[in-house]
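One structure is given here, and the rest of the page talks about it.
The values are calculated or read from the model by the stated rules, or taken from the named source; none is laboratory data. Since the structure is predicted, the reported quantities are computational estimates derived from the model, not experimental observations. Quick reminder, even Gly has a Cβ in these numbers, built from the backbone with ideal geometry, and neighbours come from all protein chains shown. For accessibility, only protein heavy atoms count, side chains too; no ligands or nucleic acids. Shrake-Rupley method; radii C 1.70, N 1.55, O 1.52, S 1.80 Å.
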Amino acid sequence: GEIIQMESVESAMDVPSRLESDLYGRYRASIEEKWNECDGSLGANNKLQRIGSLVMEPILIGAGGMKFVDPLWQRALIDVARSKRVPVVFDEIASGLYRVGVKSCREILDVDPDIASYAKLLTGGLVPLSVTLATEDVFSTFLGDQKGEALLHGHSYTANPIGCVSALHALDAYHEVLGSNSDQSSLLSSLLFDVDRVRALSRYVLVQQSFALGTVLAVTIAPERDGGATGYAAASRTTPLVRAMRDKGVYARPLGNVIYIMASPLTSREECNRLIDILADTIAKFDETEEVA
């Protein structure tokens, strides 16, 4: 497909200035076409299928392999959903609360969701806790005196006091340290991993691509020459790398052929540089073996 080159990460994340571009129009036309194919089509048992909501992981797709998505494409998808009066849900469990350099990805996408969920960094990773936010319209839909009017969902860990206290302390710490750097214009300043070091990783034979944003570094290892497994099963090269890093005191796990490091928003740049240097040194040793092979 066509390769679009951007001047910098910040220019790629500057969605408002890209909305007038030809690329946005092409994204939206493609999404509209696919949406119309799916919405109103016949599914299993010849039942009519309708798109009831749009649920997305904004900017960073976590479980899908630590993939960074062009925010302009996601904005086009949101705009199509809104034109169809379909509610938009942001799953910011992984990407929210400064994970990618901003408090919420809505600051990059420049649009508010109808529902958003947060966890992980909500307590600084100390204990499990999540929170769901909704617009007044969505909230009032499930507000009433009758059980049938409620959204009956919950679990035994709801409002756990230790989790709530941890979340209050974490949010206070984020606000105190990062509060003044919570807009798109400071994305580069919120990047914890040195840009030159990240770029250098991509030059190894074993590395297919490297990318960092905010507190996340993702390095995709090239697949086996004979193809081999794909997805989560494609760990034949990443598993030895991760094991070697453990011998150096760095505990990580691969997502298929992707090795990633997720730091805390409060982690120092010096520590992140130390981690990326260990990763680079480990890849370099395996890279020598690959070149000989």
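Please compute the volume of the convex hull spanned by the alpha-carbon atoms of the range 1-106 and report it per residue in Å³. Walk me through the numbers before you get to the answer.
Numbers: hull volume 14.5 nm³, N = 106.
Normalising the Cα hull of the range 1-106 by residue number yields 137 Å³.
Just to be sure I follow the definition: excluding the sites themselves, where is the longest run in the chain that has none of the GluC sites (Glu not before Pro) in a DSSP loop with at most 14 other Cβ atoms within 10 Å? Spell out each step's value before the answer.
Numbers: sites that count: Glu2, Glu7, Glu20.
It runs 21-293.
Find the relative contact order for the chain and round it to a whole percent, using C-alpha pairs within less than 8 Å whose residues are 6+ positions apart. If you can, show how the numbers build up before the last one.
Working: 439 pairs, mean separation 41.9, N = 293.
Reported as a whole number, the value is 14 percent.
With axes computed from alpha carbons, what is the tilt in degrees of helix 71-83 against the longest principal axis of the chain, rounded to the nearest 10 within 0 to 90?
Taking Cα atoms only, the helix is inclined about 10 degrees.
GNM on the chain, C-alpha springs below 10 Å: top fluctuator among Asp194, Asp114, Asp39?
Result: Asp39 has the largest fluctuation of those listed.
Divide by every residue of the chain the summed helix terms, -39500 (n - 2.57) for each DSSP H run of at least 4, and state the resulting mean residue ellipticity at 222 nm, rounded to the nearest 500 deg cm²/dmol.
Working: 10 runs with 107 residues, N = 293.
-11000 deg cm²/dmol, from helical runs alone.
Counting only protein heavy atoms and using a 1.4 Å probe, what share of the accessible area of the chain belongs to carbon plus sulfur, as a whole percent?
On the way: 8750 of 16450 Å².
Carbon and sulfur atoms account for 53 percent of the accessible area of the chain.
Would you mind getting me the FRET efficiency between Ser11 and Asp145? Use the beta-carbon distance for r and R0 = 35 Å, nearest 0.05.
That gives a FRET efficiency of 0.10.
Please give the helix 22-38 orientation as an angle from the longest Cα principal axis of the chain, in degrees from 0 to 90, rounded to the nearest 10.
The answer is roughly 60 degrees.
What Rg and what Dmax come out for the range 59-207 when only alpha-carbon atoms are used, in angstroms?
According to the Cα coordinates of the range 59-207, Rg and Dmax are 18.0, 63 Å.
Among Ala116, Ala218, Ala233, whose mean-square fluctuation peaks in a Gaussian network model of the chain (Cα, cutoff 10 Å)?
Looking only at Ala116, Ala218, Ala233, the largest GNM fluctuation is found for Ala233.
Write down the Kirkwood hydrodynamic radius of the chain, to one decimal in angstroms, obtained as one divided by the mean of 1/r over all alpha carbon pairs.
Every distinct Cα pair counted, the radius reaches 21.3 Å.
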